[in-house]
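Here the structure is laid out as structure tokens; the discussion comes afterwards.
Bear in mind that the values in this text are calculations on the coordinates, not laboratory data. As the structure is a computational prediction, the values presented were derived from the model and not from experiment. Positions of Cβ are backbone-derived with ideal geometry, glycine not excepted, and every protein chain shown enters the neighbour counts.
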Amino acid sequence: MISPHLRFEGFDARSWTNLLSLFAPGLRDRVEGDPADTDAPEIDLREARSEVAEGTLVIVRADDGRILRALHTTRGRVRDLAYDGPQDLERVARAYAARRALELREGVLDELAETLAQRLERTDDYATQWLVLARIIRELTSSGKIHAWPRPVDDVPIPTSGMVRRALDIVLPDEHALVVVLWEDGAPWTAVALRRRDGAVDLAAGPDLIFRWTGPLGGDWRRDHRVVADAVARAVAPVHVGLFAEASQIRALLRDPDPGAWARAVAVRDIIVHPTPPYVAVALGADAARAVARTTSRWLGGFDALKPLAPFASYVRGRVGEVGSITALLGFDPLRALARSLAERPVRDPQPPAK
Amino acid sequence: MPGPRASERPRAVRARGPVDQPPRALRVDLRDRALRVGTRSVPLLSGAVHYWRLERSAWRPALESLVRLGLPIVETYVPWGVHETGPGELDFGRRDARKDLGAFLDLAHELGLLAFVRPGPHINAELTFFGLPERIVYDPACQARSPKGSPVYLFFPPVMFPVPSYASARFHQEVGAWFDAVGEIVAPRLWPEGPVALLQVDNEASFYFRDGAYCQDYHPDALAGWHAFLADRYGSVEALNTAHRAAYPAFEGCAAPVRFDAQSPEALTLHLDWAAYHEALIAGALGKMRARMERAGMEGVPFVHNLPLGDGGLPLSVPGLEEVAELVGFDYYHGRREHRTIKRRTLYLAGTARIPYAPELGVGAPPWFTPLAHADSLYCALCALAFGLRGFNLYMLVDRDRWYGAPIDAAGAARPEADAWRVLVGRLVEVGFHRLERRAEVALVVPREYQRLSRATNLLGPISPATVEAIGGTPVDGCRDDDLGFAGPVQTLWFRMLARFADALTDAGIPYVYVDGDADPARLADHRVLITPSYEYASTERWQRVCDAAREGSTLVYGPTMPALDAEMLPHAFEVPRRGRRVLIDTAADAARVVAELAEALELARPFRATPTLLETTVHEDEHGPRVLFVVNAEKHALDGEVALPGPLDFVDAFSGERLSGDTTLRLRVPAQTVRMLLVDAPDAAPTQTPTPTPRAARPRARRTSGGKGGAS
């Protein structure tokens, strides 16, 4: 699914950081955080009280329960930790101003690396390798060698690589491209075009390339999106799906657990999906349309949003049988899982990195 | 007992001693911290261009852009995995014109450039399999082995792969054939016949970032090497048995440890030996590779090796590697918030390395690192220069796949960011920055024997001390806290003690450097004060070196314990150092008190001290006195400050051209997370380190075009 020959080009620091920060909201904290005030930082309970929660508290214990090491990943060594075991993780995380806490049994990371080495196959691609790794982590967690707090995606089943491949077949079929362009205040904020070839994503092209392909744009993204999609189609491959929006809209949607949120945003053109492949249409299906109706009706003083959506809903009903549901294929709804994962991180006003 | 008074001190700026000399006769060599090429002295300033990743038509514009930046050297890797099109089949341009290494080097020569060539075998360069052919990494005979005999995987994108064994005879054999092929292209193009003036052996040799003490290498050839190492170290099985408290029938009876299980000092020797073997294994492998390059005709020019981020936890030391390569440096990929890391690493190079040099100074970054903006790269470069870096290779100067932020695009056109680099390179060349000295009277001596213990006691397995440090922690963050039978956890305490002193010296405005415990003793002689942690055990060699330095006049600060056991945990009568001061450093206040006492007793210099103390200054001088003053603001807000001057001085900001001056005080503003590089105007008349004020009227007024008293920006 990810080609070992993956090409990555056409980004600059700003556009790449912006793209990553959508899915890793802590990234900006890491990049723009305060410089350390000592070469050997340490923290104790009293000092932690005045700190903002960040980083991970890592506790390594011996088989007999002794604490061998306690470490805050951004504030250094933890002095004099009082800890009663896995049920105490949440308390110590909060006490030491950590976003997360991990308890590791001594030697568990060696075991993880060894098991991974035994299970990996030469033909595995990077995505498959990470699925193997995730499965091993889950096993070690189940056996009590790793404890974590919080566990936002604990109930999300880990799909097989076959399941992910079939889902990817729907999202981005072979010899097709997927393009995402996000704007902020009328200017491109980040963009990426992915291409799938021979079953794997082999190109990630950034805004420098994409806007070289498009030439000068008009400045209204709701009109420019067609130019972008056409240019990517000419330069890379036929575009299977394109997503165009203001960055703030996408940041909010990625955190929204409401399954109708995306459909609502499409309906009111807060985001534009162009072209709209069948799976997107299905995802924006009847239930979501009803959610649109509820909200738009409220917004629009009783105007029936279902009526203008009727042709769309009819189209959806007609295509449901043609494509599988990504949720059914994977065993979970990836957008909902992502929303839950991101929900703990509030949306920050974007601060573009200094040039 | 205090050392000599300030007036009696020898000047720190002096001709470099024998440690500055390369170990063998070379047609190109290193002198005065530059390349000596014929009669020319060429600063170690270069930029990376990956010929095979560019269209052939972009080579000339890219190299011309590099020339316009003022860089005299082009650097390139030579990727084995790209040139090898099938087992034993190599394409150097016959089929794919972009792979014509010879033509690329010829073009560089035509444009008057020198070339720095790095044929691996490991190159990383964000290439799949780190630039190695797939058949090599999947050849079981070439693979490093885990304690259970499994391959050892590296987790980097775009695909995890099993890393090669530095001990594998098969791997070295394959590498030799690769070097033979590269040698056919490179050897005829060595200077003066061609541009090649620097060669690198391998790359970031840290076991492919799987350098945890028990991650590898249990390859049969590595285990044979382990036994040979023990035989060499101990001479007899009896001596080994005494050290290990064991009864092995032969060296082969000593099994390599597979995890840390020591509970007492006596049980540590096996693990410390294993950690030392890691160092010997890497250094030996690099030595073998270099010899193979030389056999392939790639010889007569200085060899380079680069250490990655996280050097504080690596199984390698600069002094150890300088026995293999003439020029050993650190790679720098740091954001502005990593000010302390940049400073610590550079001060180590300044105190330890033959030439403080960055074989890779990140300009932009690969997509799988923490993002770096242009301002980060520039801050990193200036901060490193401020603390003593004398040369660098801008990596990547020209854009390419799996990279962003290069100042020259893939078509060879300069981007706006290139201008800052052009100015910086111009200023460095103009002032002969590589020849300047930064005076440091204090050295923090890094104890390698305790560093080895830190590696052995890391609890995070594949997240090795080097990895922890590379991602923003310290090399002891993952170490267990038990005391192992000592008074405290030596494996973490040594680092904390050095850090406390580093903080205290910084606060006091006293320049210092780090000297590796394995460094040439001449390095220690450069300093009036040596500070080194000592616990119940110590390396007898290191201890002797610091005692020798104390006998020669340096003041030695050590502690908290006078060692009584050698590195094999056997009783040893350690010399009590002359001019010794034993200290117990637990808190920052302890270190500050000791530093204050030393500063007063020894009248330690605090040149160009700044207020507020959040501003750091460094001064670089030649025989005429100060030439460059750096004022560093690592904070996230601008600072208005004052810098105490030894006498009236005029400065020119290297970037803005703003003129500043002061009689006894320089007032200036330093924007947030910025380094101001101020060139001393009229250097011939500038006062020397001894603060003898020179009347401003005595200097040519014509050089001052503006700038009132204390011209703040």
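Below are the figures for this structure:
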| read-out | value |
| --- | --- |
| Part-to-part distance (alpha-carbon centres) for region B:361-416 and region A:94-136, which is given in Å | 32 |
| Cα gyration tensor category, rounded, prolate or oblate, for chain B with a/c compared to 1.5 | oblate |
| Residue-wise HN-Hα coupling along region B:568-585, computed from phi with Karplus coefficients 6.51, -1.76, 1.60 (Hz; x: Gly, Pro) | 9, 6, 9, x, 8, 8, 7, 5, 7, x, 5, 6, x, 9, 8, 10, 10, 10 |
| Nonlocal amide H pairs with B:Leu35, under 5 Å, H built at 1.01 Å | B:Val42, B:Leu44 |
| Amide H contacts under 5 Å for B:Tyr404, placed H, 5+ residues apart | B:Ala365 |
| Chain B, helix-only ellipticity at 222 nm - DSSP H runs n ≥ 4, -39,500 (n - 2.57), divided by all residues, nearest 500 | -9000 deg cm²/dmol |
| Percent antiparallel among DSSP beta bridges (both partners in chain B, rounded to 5) | 50 |
| Neighbour-count ranking [beta-carbon atoms within 10 angstrom, fewest first] of B:His334, B:His637, A:His225, B:His50 | B:His637, A:His225, B:His334, B:His50 |
| Net charge of Cβ neighbours under 12 Å - reference B:Thr532; Lys, Arg +1; Asp, Glu -1 | +3 |
| Amide H partners (placed H, <5 Å) of B:Phe651, local residues excluded | B:Leu660, B:Ser661, B:Asp681 |
| ³J(HN,Hα) computed for each position of region A:82-90 - Karplus, 6.51 cos²θ - 1.76 cosθ + 1.60, integer Hz, glycine/proline x | 9, 8, 9, x, x, 5, 9, 4, 4 |
| Cα-based Lys proximity count in the protein assembly as shown, under 24 Å, for pairs eight or more positions apart or on separate chains | 4 |
| Among beta bridges that DSSP assigns inside region B:50-175, antiparallel share in %, nearest 5 | 55 |
| Fewest-first ranking of B:Thr555, A:Thr56, using other Cβ atoms within 10 Å as the exposure measure | A:Thr56, B:Thr555 |
| 3J(HN,Hα) from dihedral phi, region A:38-49, Karplus parametrisation 6.51/-1.76/1.60, rounded to Hz, x for glycine, proline | 7, 7, 10, x, 9, 9, 10, 4, 5, 5, 5, 4 |
| Per principal axis, descending, Cα span of region B:149-231 in whole Å | 47, 39, 19 |
| DSSP-loop trypsin sites (Lys or Arg not before Pro) across region A:93-168, with at most 12 other Cβ within 10 angstrom | A:Arg122 |
| Relative contact order computed over chain B (Cα-Cα under 8 Å; 6+ residues apart), in percent | 12 |
| Cα pair distances of the protein assembly as shown binned at 20 Å [whole percent] | 12, 41, 36, 10, 1 |
| Per-selection Kirkwood Rh - region B:457-537 (Cα, Å, 1 d.p.) | 14.6 |
